[in-house]
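Here is the structure we will look at, set down as structure tokens.
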Amino acid sequence: MLLDRLAELVPELNQAFLETMYMVSISLAVAIMGGLPLGILLFVTDRGLFLENPVVKSAAGFVVNMVRSVPFIILLVALLPFTRWLTGTTIGPTAASVSLSIAAIPFFARIVESSLREIDRGVIEAAISVGASPWMIIKDVLLPDARPGIIHGITITTISLVGYSAMAGIVGGGGIGDLAIRFGYYRYDNTIMITTVVILICLVQLIQFLGDRIARLTDKR
Amino acid sequence: MIEIQNLVKIYESGKQKVKGVQDVSLTINDGEIFGIVGYSGAGKSTLLRCINMLEWPTSGNVKIDGVDLTSLSRQELRRARQKIGMIFQHFHLVRSKTVFDNVAFALKAAGKSKQEIRNKVDDLLEMVGLQDKRDAYPSQLSGGQKQRVGIARALANDPNVLLCDEATSALDPGTTRQILLLLKKINQELGITIVLITHEMGVVKEICDRIAVMQDGKIIECGEVYELFARPEEPLTRSFIDSVLQLELPEHLVKNRRGTLVRLQYRGEAASDTVISDMLQSFRVKGNIIHGKIEYIQNKPLGILVLELIGDESEVKRAIDFMHERTGGLEVIEHAA
Ligand SMILES: Nc1ncnc2c1ncn2[C@@H]1O[C@H](COP(=O)(O)OP(=O)(O)OP(=O)(O)O)[C@@H](O)[C@H]1O
Ligand SMILES: [Mg+2]
């Protein structure tokens, strides 16, 4: 019976789900902590902006593009030595979080940069014309006005991380993806395969729904 | 006092060089309302934006009260900018902040305490008549109200100078008038020097003391508004002035006239003189008023009156001579009948 089979799987699914949440949370936190400042840096050092700096801009842009152009699966493998150095292991959700974070930082940084680009340059000029410092402009003009865009960016990043975390399963990263590969792919267990896919679909829908909700609540425009 | 000396601003985009402002020297006195007019692309905004260094001059300098802004460090410049307010055509308010917070931002930038900020913002909102919109967001305001917020923000740190880049161009005529009255009040009550850009001569006529006319990055004519309106030298200035005064005589009025057409231009006090009635009494000519318009610029009348003088040729000539003599400053322009 399908239901019996599912009931058997509950503990496995439960753990896989928690592992996925764990990986996504860690890497999302790192992506925000690293990507937000990096995205702001990419924006404010751009031509014509208040901290214009072509050297910093192109250096940061280059690194971001480099990381983004490497397919995730290759990044995952390439980062194994670094992961081992950092976490002492190369398998399990903690290890997987390392490469997920590294991939998510530039991804989120670009999203932050493009939401900042949406802000009317005139508003920034008005802030400059009252004598505001760069830090004040970032804190009191750029971030509040870009907030809805940044929240959308967090939603997109979270959803991408759910997808990538499933890929991390290939190298034994744990989580729902790992489960799907171990049971569904290697053992041709369709029940598990379909169940994991359904869980992932629901998870993504839920994240999107929450993200849109929060973005709307914080949008004061 | 704002002293602009040999200001040049060249924009370089790639290999292309665009001249924004070419060698402008200009002095704007304390407490005056100074207008800058000119067609699109003349360099008005560029010039204005060089006054608070939003645009860094390619060469030349800008001194405000003797301090050369081009010589300041970043931090000194920020402090100097707190004393130079600026308002914009499209207001440029922070969309995610309330009216209160938009104005408070300027005070925060100047490092004021919470208490000071609260008191000052309330005073400013009262001055611009927006106390009841304190907690509204910009999207909930009309254009005129948004510009009032912009003005409150610009005046937050008690500036000596207020720069206005087409501050009324996005507003309807009624709202434009209200904003102009507010600017006038600010100028008179707070003694703030106002530099404003506009392409509407109506705005100039209403509030400016002096104007500069710009073309291709240069100031081609500059002077007292009344003087410039009365005696424009450059064709461009004349065309701007005609846009509000419409001193041109309609074509159909000139045609098919029996007598000699005389165009009197009124200036200053002469307008209230009795020259016409004296002329009609002294000479055997008949006067027929064909066209007339009087504008008051800074409470001084300026206008034209077109008369058709009918009578003996020599008598008409003597009448014209008489008017020439009597009016001094008046211009008598003959039109072939
Ligand atoms: N950031 C810029 N980069 C390159 N060229 C510029 C820039 N800003 C202005 N210019 C050029 O400088 C010249 C003067 O522009 P400016 O904006 O000062 O004109 P304006 O008189 O204010 O016109 P408008 O009435 O349309 O606002 C124009 O030829 C314009 O194309
Ligand atoms: Mg302009």
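Sub-6 Å Cβ pairs linking a first residue in the stretch B:85-112 that is over 19 Å from B:Ile186 (Cβ atoms) to a second residue that is of a type in the set (D, E, K, R) and assigned to a loop (DSSP other than H, G, I, E, B), at least 6 apart or interchain, are B:Arg95/A:Arg221; B:Ser96/A:Lys220; B:Thr98/B:Asp135; B:Phe100/B:Arg134, ordered by first then second residue.
Considering the stretch A:172-211, and only residues there that are within 21 Å of A:Ser97 (Cα to Cα) and not in a helix (DSSP H, G or I), the residue that is most open to solvent (accessible area, probe 1.4 Å) turns out to be A:Gly172.
Taken over the stretch B:191-208, residues that are closer than 16 Å to B:Asn160 by Cβ and touching a strand residue (DSSP E or B) at 6+ places or on another chain (Cβ under 9 Å) amount to 5.
For the stretch B:93-117, filtered to residues that are farther than 22 Å from A:Asp145 by Cβ and assigned to a helix (DSSP H, G or I), the residue that is farthest from the other protein chains (Cβ to nearest Cβ) is B:Gln115. Only a single criterion out of (1) within 14 Å of chain B (Cβ to nearest Cβ); (2) in a helix (DSSP H, G or I); (3) surrounded by fewer than 18 Cβ atoms within 10 Å (Cβ to Cβ) is not satisfied by A:Ile214, namely (1). For the stretch B:73-91, the tally of residues that are at the interface with chain A (Cβ under 7 Å from one of its Cβ atoms) and either out of contact with any helix residue (DSSP H, G or I) (no Cβ under 9 Å at 6 or more places or on another chain) or under 28 Å from B:Asn29 (Cβ atoms) (or both) stands at 6. Residue count for the stretch B:1-23 under the criterion of being within 14 Å of chain A (Cβ to nearest Cβ), away from ligand 2 (no atom under 16 Å from the Cβ) and within 16 Å of B:Leu48 (Cβ to Cβ): the result is 0. The number of residues in the stretch A:108-142 that are aromatic (Phe, Trp, Tyr) and surrounded by fewer than 23 Cβ atoms within 10 Å (Cβ to Cβ) comes to 1. Scanning the stretch B:15-35 for residues that are open to solvent by less than 30 Å² (accessible area, probe 1.4 Å), within 8 Å of ligand 1 (Cβ to nearest atom) and either not in a strand (DSSP E or B) or not small (Gly, Ala, Ser) (or both) yields a single hit, B:Val21. Each residue in the stretch B:101-136 was checked for being in contact with an Asp or Glu (Cβ under 8 Å, 6 or more places away or on another chain), over 17 Å from A:Val141 (Cβ atoms) and hydrophobic (A, V, I, L, M, F, W, C), and 0 of them qualify.
Cβ-Cβ under 9 Å, sequence separation 6+ or interchain: first residue in the stretch B:26-53 and closer than 25 Å to B:Glu189 by Cα and within 14 Å of chain A (Cβ to nearest Cβ), partner among the β-branched types (Val, Ile, Thr) and within 9 Å of ligand 1 (Cβ to nearest atom). Which pairs? Taking only residues 6 or more apart or on different chains, the pairs are B:Leu48/B:Ile36; B:Leu48/B:Ile197.
If we scan the stretch B:30-47, do we find a residue that is of a type in the set (D, E, K, R) and farther than 28 Å from B:Glu227 by Cα? Checked the stretch B:30-47: no residue is of a type in the set (D, E, K, R) and farther than 28 Å from B:Glu227 by Cα. Of the helices (runs of 4 or more DSSP H) lying entirely inside the stretch A:38-133, those carrying at least 2 residues that are within 18 Å of the chain's Cα centre (by Cα) are A:54-69, A:72-78, A:93-117.
Taking the stretch A:1-30 as the range and being more than 18 Å from the chain's Cα centre (by Cα) and open to solvent by 60 Å² or more (accessible area, probe 1.4 Å) as the test, the residues that pass are A:Met1, A:Leu2, A:Leu3, A:Asp4, A:Arg5, A:Ala7, A:Glu8, A:Val10, A:Pro11, A:Glu12, A:Asn14, A:Gln15.
Being among the hydroxyl-bearing types (Ser, Thr, Tyr), open to solvent by 10 Å² or more (accessible area, probe 1.4 Å) and within 13 Å of ligand 2 (Cβ to nearest atom) is true of B:Ser40.
From (1) within 13 Å of ligand 2 (Cβ to nearest atom); (2) more than 14 Å from every other protein chain (Cβ to nearest Cβ); (3) in contact with a Pro (Cβ under 7 Å, 6 or more places away or on another chain), pick out the condition that doesn't hold for B:Thr70. All conditions pass for B:Thr70, except number (1).
Whenever a residue of the stretch B:5-25 is β-branched (Val, Ile, Thr), its partners that are open to solvent by 80 Å² or more (accessible area, probe 1.4 Å), lying with C-beta atoms within less than 6 angstrom and at least six residues away or across chains, give the pairs B:Val8/B:Asp23; B:Ile10/B:Lys17; B:Ile10/B:Lys19. Apart from one condition, B:His90 fits all of (1) in a loop (DSSP other than H, G, I, E, B); (2) crowded, with 24+ Cβ neighbours inside 10 Å; (3) within 16 Å of ligand 2 (Cβ to nearest atom); the exception is (2).
From the list A:Ser115, A:Ser129, the one residue that fits, being in contact with a strand residue (DSSP E or B) (Cβ under 8 Å, 6 or more places away or on another chain) and within 14 Å of chain B (Cβ to nearest Cβ), is A:Ser129.
Please enumerate the residues belonging to the stretch B:169-185 that are open to solvent by less than 50 Å² (accessible area, probe 1.4 Å) and without any contact (Cβ under 8 Å) to a residue 40 or more places away in the chain. Selection gives B:Leu171, B:Gly174, B:Thr175, B:Thr176, B:Ile179, B:Leu180. Within the stretch B:93-111, one or more residues are among the hydroxyl-bearing types (Ser, Thr, Tyr) and surrounded by fewer than 20 Cβ atoms within 10 Å (Cβ to Cβ). Quick check, is B:Val213 open to solvent by less than 50 Å² (accessible area, probe 1.4 Å) and away from ligand 2 (no atom under 16 Å from the Cβ)? Taking the combined requirement at face value, the residue does not satisfy it.
The values are calculated or read from the model by the stated rules, or taken from the named source; none is laboratory data. Not measured: the values here are computed from a predicted model. Cβ coordinates were reconstructed from backbone atoms using ideal geometry, including for glycine residues, and neighbour counts include every protein chain displayed. To get the accessible areas, we keep the full protein, side chains included, count just its heavy atoms, and leave off ligands, DNA and RNA. Shrake-Rupley method; radii C 1.70, N 1.55, O 1.52, S 1.80 Å.
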